[in-house]
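Before any comments, here is the structure.
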Amino acid sequence: MDIKSKIREKLIESYGEPFNSYLEHKYEDKIVEVLVNGDFETKEAWLTYNQVIVELKHSIKDLLKVKELQYNLTDDKSPNIACIEVIEDIKTLNSELSRLYDKIKSF
């Protein structure tokens, strides 16, 4: 199994289900490429962005925010700004999202 396949497998495990929609596949392609070809700092940042998506999906249970963030991360928008805007729009943050927010602001 090549490295891209392993990354895709782990993403699906953390996401909780296969990527089905066009947006999900586009996001998956984007993050896999970054994790294969990016430098260490870029990889760390994208793993953090992905953790925000996992938190939104599993802890906050806000699928609309998940889709919004996936869309913004696959667009030409700055990923830091995209994550910060989505997190700031959430009314009740849990401790993990607060931690991720602070980490992203430090990038």
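The values are calculated or read from the model by the stated rules, or taken from the named source; none is laboratory data. Everything numeric in this text was worked out from a predicted model, so none of it was measured. Note that we place each Cβ from the backbone using ideal geometry, even for glycine, and neighbour counts take in every protein chain shown.
Residues checked against (1) within 21 Å of Glu24 (Cα to Cα); (2) touching a residue at least 12 places away in the same chain (Cβ under 8 Å):
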residue: Thr42; (1), (2): yes, no
residue: Leu64; (1), (2): yes, no
residue: Ile84; (1), (2): yes, yes
residue: Leu100; (1), (2): no, yes
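Within segment 32-86, take every residue that is charged (D, E, K, R) and not in a helix (DSSP H, G or I) and give me the one that is modelled with the highest pLDDT.
Looking at residues that are charged (D, E, K, R) and not in a helix (DSSP H, G or I), I get Asp39.
Is it true that Glu13 is acidic (Asp, Glu) and either surrounded by 17 or more Cβ atoms within 10 Å (Cβ to Cβ) or not in a helix (DSSP H, G or I) (or both)?
The answer is no for Glu13.
For segment 18-28, enumerate the residues that are in contact (Cβ under 8 Å) with a residue 24 or more places away in the chain and among the acidic types (Asp, Glu). Spell out how you get there, then give the answer.
Residues of segment 18-28 that are in contact (Cβ under 8 Å) with a residue 24 or more places away in the chain, as a first pass: 23-24, 26-27.
Listed by number, the list holds a single entry, Glu24.
Six or more apart or on different chains, Cβ under 8 Å: which pairs go from a residue in segment 1-17 that's in contact (Cβ under 8 Å) with a residue 12 or more places away in the chain to one that's outside any helix (DSSP H, G or I) and of a type outside the set (Asp, Glu)? Could you list them?
From residues that are in contact (Cβ under 8 Å) with a residue 12 or more places away in the chain, the pairs are Leu11/Phe19.
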